[in-house]
Amino acid sequence: MAKLQNKVAVITGGASGIGAATARLFVKEGAKVVLVDLNEEKGNAFEAELKEQNAEALFIKANITSEEEVANVFKQTIETFGKVDVVFNNAGIGRVHSSHDLEYSEWRNTVNVDLDGVFLVAREAIREFLKADGGVIVNTASMYGWVGSPGSAAYNAAKGGVINLTRSLALEYAEQNIRINALCPGFIDTPIIPEESKEALRSMTPMKRLGKDEEMAKAVLFMSCDDSSFMTGNTLTVDGGYTAQ
Ligand SMILES: NC(=O)c1ccc[n+]([C@@H]2O[C@H](COP(=O)([O-])OP(=O)(O)OC[C@H]3O[C@@H](n4cnc5c(N)ncnc54)[C@H](O)[C@@H]3O)[C@@H](O)[C@H]2O)c1
């Protein structure tokens, strides 16, 4: 039996990288997917691609930092598919920049998307799950939520925040049948990583390669289905050994 048969999954950052790979795997496992992204062109093209494969998919253009747009995502999901079971809270941004000349506006923008946006999506998901019989959230943090690195202070602070947000929300709603965990990827070969950085990131990784988005999707699937039914408030770090160093 497919692991997400008849489940409805909302995936933010669903038009690209880890989110898109997860949507592909979720569809194979029987889910209907709602792809949420700022990138309308990629989102529409990916929705069409999934529908061609007879999957049930819906793209919604939304910014996860907007309370109204996030609320609308869940409203449209319920209107279209009748319910929501799984939320992969994954959209994020990141850029390397030295901290002493980082504009405050850029700090705010990074924390706004990578932490505040994750909260807004989780809050709306929990509101729906409380009306239903629970649900599952997987937040995307990062291995840089565990360890530091030069030039990514805002990103790393936000991702560390996502890890403890995950624990705190999980404890708050554990008795309501809402499970909340986080994925902590290492360096993964997606459009967020500039081409010119790839070689250096490979050599910094003990396994001497970048991770693949499909490898993240498998970890997300585990945390999204009943295989992880006794797991909440925790993390899966999938990083080719980086944080073992
Ligand atoms: N690739 C890596 O090495 C890596 C490592 C650790 C963590 N992550 C995290 O994984 C997640 C997915 O990243 P990815 O690697 O697939 O990159 P990606 O750039 O391929 O995908 C991110 C998607 O999020 C969307 N997005 C950005 N801001 C948004 C917003 N405000 N509202 C809605 N959508 C928005 C983008 O349009 C994009 O499609 C991010 O949270 C990222 O921080 C990635």
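The values are calculated or read from the model by the stated rules, or taken from the named source; none is laboratory data. Note that the structure is predicted; figures quoted are calculated from it, not measured. Glycine also receives a Cβ, built like all others from the backbone with ideal geometry; neighbour counts cover every protein chain displayed. What goes into the accessible areas is simple: the full protein's heavy atoms, side chains included, and nothing from ligands, DNA or RNA. Shrake-Rupley method; radii C 1.70, N 1.55, O 1.52, S 1.80 Å.
Observations
- Each 5 Å bin from 0 upward holds the following percent of the Cα-Cα pairs of region 129-245: 2, 12, 20, 22, 19, 12, 8, 4, 2, 0.
- Taking Cβ atoms as reference points and 10 Å as the exclusive limit, the residues near residue 2 contribute a net charge of +2, counting Lys and Arg as +1 and Asp and Glu as -1.
- Summed side-chain charge close to residue 117 - residues other than residue 117 whose Cβ falls under 14 Å, Lys, Arg +1, Asp, Glu -1: -4
- Protein heavy-atom surface of region 140-245, 1.4 angstrom probe: 54% of the accessible area is carbon and sulfur, with nucleic acids and ligands not counted.
- For region 194-238, the gyration tensor built on C-alpha atoms gives a prolate shape. Its axis ratio a/c (a ≥ b ≥ c) is at least 1.5, and a/b is the larger of a/b and b/c.
- Among the listed pairs 7/208; 3/61; 32/212; 42/131; 28/75; 51/159, those beyond 30 Å (Cα-Cα): 7/208; 42/131; 51/159
- Principal semi-axes in Å for the chain [√(5λ), Cα gyration tensor, largest first]: 27, 19, 19
- Region 79-97 and region 144-205 have their alpha-carbon centroids 14 Å apart.
- Overall form of region 1-117 per C-alpha gyration tensor (a/c, 1.5; a/b vs b/c): prolate
- Hz values of 3J(HN,Hα) by residue in region 200-210 - Karplus curve (6.51, -1.76, 1.60), Gly and Pro given as x: 5, 5, 4, 6, 7, 9, x, 7, 6, 7, 7
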